[in-house]
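Working notes, structure below.
The values are calculated or read from the model by the stated rules, or taken from the named source; none is laboratory data. Everything numeric here is computed off the predicted structure, so don't read it as measured data. Cβ placement follows ideal geometry from the backbone for every residue including glycine, while neighbour counts extend to all protein chains displayed.
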Amino acid sequence: MNPWLYTIPFISAFIHWLTIWMALKLLFHPRVPRRILWFRLQGIFPKRQKQIAESLGRIVGQELLSFKDIEETITHPENVQKILPAAEQHVDHFLRVRLKENMPVISMFIGDKTINQLKEVFMQELAELFPVIMKSYINNLKNDLDLEKIVVEKVAAFSSEKLEKMLNQILTKEFRFVEIIGAALGFFIGVLQILLTLLMK
(Lines give C-alpha, C1' and ligand atoms only; values in the text may rest on other atoms or scores of the structure.)
Protein backbone atom coordinates (compact mmCIF):
# COMPACT_ATOMS: atom_id res chain seq x y z
CA MET A 1 0.00 0.00 0.00
CA ASN A 2 1.21 3.48 -0.88
CA PRO A 3 2.33 5.19 2.38
CA TRP A 4 1.25 8.56 0.95
CA LEU A 5 -2.31 7.35 1.32
CA TYR A 6 -2.08 7.99 5.06
CA THR A 7 -1.33 11.67 4.48
CA ILE A 8 -4.82 12.19 3.04
CA PRO A 9 -6.49 12.95 6.44
CA PHE A 10 -3.84 15.57 7.23
CA ILE A 11 -4.06 17.16 3.78
CA SER A 12 -7.85 17.16 3.98
CA ALA A 13 -7.74 18.70 7.51
CA PHE A 14 -5.39 21.42 6.26
CA ILE A 15 -7.55 22.19 3.22
CA HIS A 16 -10.70 22.45 5.33
CA TRP A 17 -8.94 24.64 7.91
CA LEU A 18 -7.52 26.87 5.18
CA THR A 19 -10.92 27.19 3.49
CA ILE A 20 -12.62 28.27 6.72
CA TRP A 21 -9.74 30.58 7.64
CA MET A 22 -10.00 32.28 4.25
CA ALA A 23 -13.79 32.52 4.55
CA LEU A 24 -13.46 34.25 7.93
CA LYS A 25 -10.83 36.61 6.54
CA LEU A 26 -13.14 37.46 3.64
CA LEU A 27 -15.66 38.75 6.16
CA PHE A 28 -13.40 41.80 6.60
CA HIS A 29 -10.89 41.78 3.71
CA PRO A 30 -10.22 43.35 1.37
CA ARG A 31 -11.49 46.50 3.07
CA VAL A 32 -11.69 48.39 -0.22
CA PRO A 33 -13.00 46.85 -3.47
CA ARG A 34 -10.33 45.06 -5.50
CA ARG A 35 -10.67 43.67 -8.99
CA ILE A 36 -9.29 40.16 -9.42
CA LEU A 37 -9.58 39.01 -13.03
CA TRP A 38 -13.29 39.40 -13.83
CA PHE A 39 -14.38 39.61 -10.20
CA ARG A 40 -14.78 42.62 -7.92
CA LEU A 41 -13.89 41.47 -4.41
CA GLN A 42 -14.58 43.20 -1.09
CA GLY A 43 -15.07 41.94 2.46
CA ILE A 44 -18.68 41.29 3.46
CA PHE A 45 -18.68 43.66 6.45
CA PRO A 46 -17.01 46.62 4.67
CA LYS A 47 -19.27 46.11 1.65
CA ARG A 48 -22.49 45.91 3.64
CA GLN A 49 -21.56 48.15 6.57
CA LYS A 50 -24.43 50.55 5.91
CA GLN A 51 -27.03 47.75 5.76
CA ILE A 52 -25.52 46.12 8.87
CA ALA A 53 -25.66 49.47 10.70
CA GLU A 54 -29.33 49.92 9.75
CA SER A 55 -30.23 46.39 10.85
CA LEU A 56 -28.33 46.75 14.13
CA GLY A 57 -29.92 50.13 14.78
CA ARG A 58 -33.38 48.68 14.18
CA ILE A 59 -32.71 45.75 16.53
CA VAL A 60 -31.32 47.96 19.30
CA GLY A 61 -33.98 50.64 18.92
CA GLN A 62 -36.96 48.31 18.68
CA GLU A 63 -36.00 45.07 20.41
CA LEU A 64 -33.05 45.40 22.79
CA LEU A 65 -33.49 48.87 24.24
CA SER A 66 -36.83 50.65 24.11
CA PHE A 67 -38.01 53.77 25.91
CA LYS A 68 -40.82 51.70 27.38
CA ASP A 69 -38.26 49.43 29.08
CA ILE A 70 -36.33 52.46 30.33
CA GLU A 71 -39.52 54.03 31.70
CA GLU A 72 -40.59 50.83 33.47
CA THR A 73 -37.15 50.45 35.05
CA ILE A 74 -36.83 54.05 36.23
CA THR A 75 -40.37 54.30 37.59
CA HIS A 76 -40.31 50.91 39.31
CA PRO A 77 -41.13 51.37 43.03
CA GLU A 78 -37.85 49.74 44.13
CA ASN A 79 -35.80 52.15 42.02
CA VAL A 80 -37.83 55.12 43.27
CA GLN A 81 -37.07 54.05 46.84
CA LYS A 82 -33.34 54.11 46.01
CA ILE A 83 -33.61 57.78 45.02
CA LEU A 84 -35.57 58.91 48.09
CA PRO A 85 -32.72 58.87 50.66
CA ALA A 86 -30.74 61.42 48.62
CA ALA A 87 -33.90 63.51 48.20
CA GLU A 88 -34.56 63.27 51.94
CA GLN A 89 -31.09 64.60 52.75
CA HIS A 90 -31.67 67.53 50.41
CA VAL A 91 -35.08 68.31 51.94
CA ASP A 92 -33.63 68.08 55.46
CA HIS A 93 -30.80 70.45 54.53
CA PHE A 94 -33.30 72.87 52.98
CA LEU A 95 -35.56 72.94 56.04
CA ARG A 96 -32.73 73.24 58.58
CA VAL A 97 -30.23 75.46 56.74
CA ARG A 98 -31.47 77.05 53.52
CA LEU A 99 -34.84 78.09 54.97
CA LYS A 100 -33.11 79.79 57.89
CA GLU A 101 -30.82 81.65 55.50
CA ASN A 102 -33.55 82.80 53.11
CA MET A 103 -36.52 83.22 55.47
CA PRO A 104 -35.09 83.71 58.99
CA VAL A 105 -38.38 85.00 60.46
CA ILE A 106 -40.34 81.89 59.46
CA SER A 107 -37.55 79.56 60.55
CA MET A 108 -37.78 81.02 64.06
CA PHE A 109 -41.20 79.37 64.47
CA ILE A 110 -40.15 75.97 63.08
CA GLY A 111 -38.60 73.49 65.48
CA ASP A 112 -37.29 69.97 65.02
CA LYS A 113 -40.74 68.43 65.43
CA THR A 114 -42.23 70.67 62.73
CA ILE A 115 -39.23 70.04 60.45
CA ASN A 116 -39.68 66.27 60.79
CA GLN A 117 -43.40 66.56 60.08
CA LEU A 118 -42.79 68.77 57.02
CA LYS A 119 -40.08 66.41 55.82
CA GLU A 120 -42.40 63.43 56.12
CA VAL A 121 -45.10 65.20 54.08
CA PHE A 122 -42.57 66.28 51.45
CA MET A 123 -41.18 62.75 51.11
CA GLN A 124 -44.66 61.27 50.64
CA GLU A 125 -45.32 63.81 47.89
CA LEU A 126 -41.94 63.15 46.25
CA ALA A 127 -42.52 59.39 46.28
CA GLU A 128 -45.69 59.97 44.25
CA LEU A 129 -44.21 62.75 42.13
CA PHE A 130 -40.99 61.05 41.00
CA PRO A 131 -42.66 58.41 38.74
CA VAL A 132 -44.85 61.10 37.13
CA ILE A 133 -41.86 63.36 36.48
CA MET A 134 -39.76 60.52 35.08
CA LYS A 135 -42.55 59.37 32.75
CA SER A 136 -42.90 62.90 31.46
CA TYR A 137 -39.12 63.17 31.04
CA ILE A 138 -38.91 59.85 29.15
CA ASN A 139 -41.74 60.93 26.81
CA ASN A 140 -39.90 64.16 26.04
CA LEU A 141 -36.65 62.24 25.60
CA LYS A 142 -38.37 59.83 23.22
CA ASN A 143 -39.31 62.74 20.97
CA ASP A 144 -35.84 64.28 21.10
CA LEU A 145 -33.68 61.15 21.04
CA ASP A 146 -33.81 58.59 18.21
CA LEU A 147 -31.91 55.53 19.49
CA GLU A 148 -32.14 53.72 16.17
CA LYS A 149 -30.69 56.69 14.28
CA ILE A 150 -27.86 57.10 16.81
CA VAL A 151 -26.82 53.43 16.53
CA VAL A 152 -27.00 53.53 12.72
CA GLU A 153 -24.82 56.65 12.54
CA LYS A 154 -22.28 55.30 15.05
CA VAL A 155 -21.87 51.89 13.37
CA ALA A 156 -21.84 53.39 9.86
CA ALA A 157 -19.08 55.77 10.96
CA PHE A 158 -16.82 52.98 12.22
CA SER A 159 -13.75 52.35 10.12
CA SER A 160 -13.51 48.83 8.68
CA GLU A 161 -10.42 48.26 10.82
CA LYS A 162 -12.23 49.27 14.02
CA LEU A 163 -15.24 47.12 13.13
CA GLU A 164 -12.99 44.12 12.52
CA LYS A 165 -11.16 44.70 15.81
CA MET A 166 -14.43 44.93 17.76
CA LEU A 167 -15.88 41.76 16.26
CA ASN A 168 -12.62 39.87 16.73
CA GLN A 169 -12.55 40.86 20.41
CA ILE A 170 -16.06 39.45 20.82
CA LEU A 171 -15.81 36.39 18.56
CA THR A 172 -12.15 35.32 18.67
CA LYS A 173 -12.92 32.08 20.55
CA GLU A 174 -15.87 31.31 18.27
CA PHE A 175 -13.77 31.88 15.12
CA ARG A 176 -11.03 29.63 16.50
CA PHE A 177 -13.59 26.96 17.36
CA VAL A 178 -15.00 27.02 13.82
CA GLU A 179 -11.47 26.63 12.39
CA ILE A 180 -10.76 23.64 14.67
CA ILE A 181 -14.09 22.00 13.82
CA GLY A 182 -13.34 22.49 10.12
CA ALA A 183 -9.92 20.86 10.47
CA ALA A 184 -11.39 17.97 12.49
CA LEU A 185 -14.11 17.44 9.90
CA GLY A 186 -11.51 17.48 7.13
CA PHE A 187 -9.44 14.89 8.99
CA PHE A 188 -12.49 12.68 9.45
CA ILE A 189 -13.36 12.92 5.76
CA GLY A 190 -9.75 12.01 4.92
CA VAL A 191 -9.99 8.90 7.13
CA LEU A 192 -13.23 7.91 5.38
CA GLN A 193 -11.51 8.29 2.03
CA ILE A 194 -8.75 5.91 3.13
CA LEU A 195 -11.32 3.37 4.42
CA LEU A 196 -13.33 3.55 1.21
CA THR A 197 -10.16 3.13 -0.84
CA LEU A 198 -9.14 0.05 1.16
CA LEU A 199 -12.64 -1.43 0.94
CA MET A 200 -12.77 -0.92 -2.81
CA LYS A 201 -9.50 -2.83 -3.15
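Can you tell me how many residues within the range 116-164 are of a type in the set (Lys, Arg) and modelled with pLDDT of 80 or more? Break it down stepwise before answering.
Of the residues in the range 116-164, the ones of a type in the set (Lys, Arg) are 119, 135, 142, 149, 154, 162.
Pick out the ones that are also modelled with pLDDT of 80 or more and you get 119, 135.
Adding up the residues that qualify gives 2.
In the range 102-128, how many are of a type outside the set (Lys, Arg) and either touching a residue at least 12 places away in the same chain (Cβ under 8 Å) or surrounded by 13 or more Cβ atoms within 10 Å (Cβ to Cβ) (or both)? Result for the range 102-128: 8. Checking each residue in the range 2-45 for being more than 29 Å from LEU171 (Cα to Cα) and touching a residue at least 24 places away in the same chain (Cβ under 8 Å) picks out LEU5, TYR6, ILE8.
Looking only at residues of the range 71-128 that are farther than 30 Å from ASN139 by Cα and polar (S, T, N, Q), we find that the one that is farthest from the chain's Cα centre (by Cα) is SER107. Selection of first residues in the range 164-181 that are under 18 Å from PRO46 (Cα atoms) and of second residues that are surrounded by 14 or more Cβ atoms within 10 Å (Cβ to Cβ), restricted to Cβ pairs under 6 Å at least 6 apart or on distinct chains, gives the following pairs, ordered by first then second residue: GLU164/PHE28. In the range 4-33, the residue that is surrounded by the most Cβ atoms within 10 Å (Cβ to Cβ) out of those that are more than 14 Å from GLN193 (Cα to Cα) and over 32 Å from the mean Cα position of the chain (by Cα) is HIS16.
Taking each residue of the range 182-201 that is hydroxyl-bearing (Ser, Thr, Tyr) and looking for partners that are assigned to a helix (DSSP H, G or I) and at pLDDT below 80 with beta-carbon atoms closer than 6 Å, six or more apart or interchain, yields nothing. Answer with yes or no whether LEU27 is out of contact with any Pro (no Cβ under 7 Å at 6 or more places or on another chain), among the hydrophobic types (A, V, I, L, M, F, W, C) and under 11 Å from SER160 (Cβ atoms). So LEU27 fits the description; yes.
Could you tell me which of the residues LYS82, LYS68 is part of a helix (DSSP H, G or I) and either at pLDDT 80 or above or acidic (Asp, Glu) (or both)?
The match here is LYS82.
Considering each of GLY61, GLY43 in turn, give the residue that is of a type outside the set (Asp, Glu), more than 30 Å from LEU192 (Cβ to Cβ) and within 22 Å of the chain's Cα centre (by Cα).
Numbers: GLY43 fails: within 22 Å of the chain's Cα centre (by Cα).
Selected residue: GLY61, the only one of GLY61, GLY43 that is of a type outside the set (Asp, Glu), more than 30 Å from LEU192 (Cβ to Cβ) and within 22 Å of the chain's Cα centre (by Cα).
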